[in-house]
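Notes for the one structure printed next.
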Amino acid sequence: MDSYTIIKYPVASEKAIRLMEAENKLLFRVDMKAKKDDIKKAVENMFKTKVMRVRTLITARSEKRAYVTFSKETPAIDIATQLGLL
């Protein structure tokens, strides 16, 4: 699968902004069939960064979300600025 097929869009909720500032994480809406390794590779390809961990959640609305933790060298705020979230 293509990186842009796996990662649909970033989530810009209040909780997502708090996670970005406190824990260096970004929250993305992803394809339901995407696995954690696929999500990790897609984010690393799209933003040319090092991803430490990916956790996924399937919401009650049948959406899959990925909590992506970035390495210390890459602040999540920089990536959010590139995406236009901030």
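The values are calculated or read from the model by the stated rules, or taken from the named source; none is laboratory data. Note that this is a predicted model, so its numbers are computed, not measured. Using ideal geometry, Cβ is built from the backbone for each residue, glycine included, and neighbour counts are taken over all protein chains shown.
Starting from residues that are more than 17 Å from residue 46 (Cα to Cα) and aliphatic (A, V, I, L, M), keep the ones in segment 1-30 and report whichever is surrounded by the fewest Cβ atoms within 10 Å (Cβ to Cβ).
22
Going by what's in this entry, would residue 78 be described as at pLDDT 95 or above, out of contact with any strand residue (DSSP E or B) (no Cβ under 8 Å at 6 or more places or on another chain), acidic (Asp, Glu) and assigned to a helix (DSSP H, G or I)?
no
Can you pull out every residue in segment 28-60 that is touching a residue at least 40 places away in the same chain (Cβ under 8 Å) and either over 17 Å from residue 4 (Cα atoms) or among the polar types (S, T, N, Q) (or both)?
Passing the criteria: only 45.
Please determine whether any residue of segment 5-22 is assigned to a helix (DSSP H, G or I), touching a strand residue (DSSP E or B) at 6+ places or on another chain (Cβ under 7 Å) and of a type in the set (D, E, K, R).
Checking segment 5-22: not a single residue is assigned to a helix (DSSP H, G or I), touching a strand residue (DSSP E or B) at 6+ places or on another chain (Cβ under 7 Å) and of a type in the set (D, E, K, R).
How many of the residues making up segment 31-86 are surrounded by 13 or more Cβ atoms within 10 Å (Cβ to Cβ) and polar (S, T, N, Q)?
Number of matching residues: 5.
Could you grab the pairs with beta carbons closer than 6 Å, sequence gap of 6+ or different chains, first residue in segment 61-80 and more than 17 Å from residue 36 (Cα to Cα), second one in a loop (DSSP other than H, G, I, E, B)?
What qualifies is 74/49; 76/24; 80/86.
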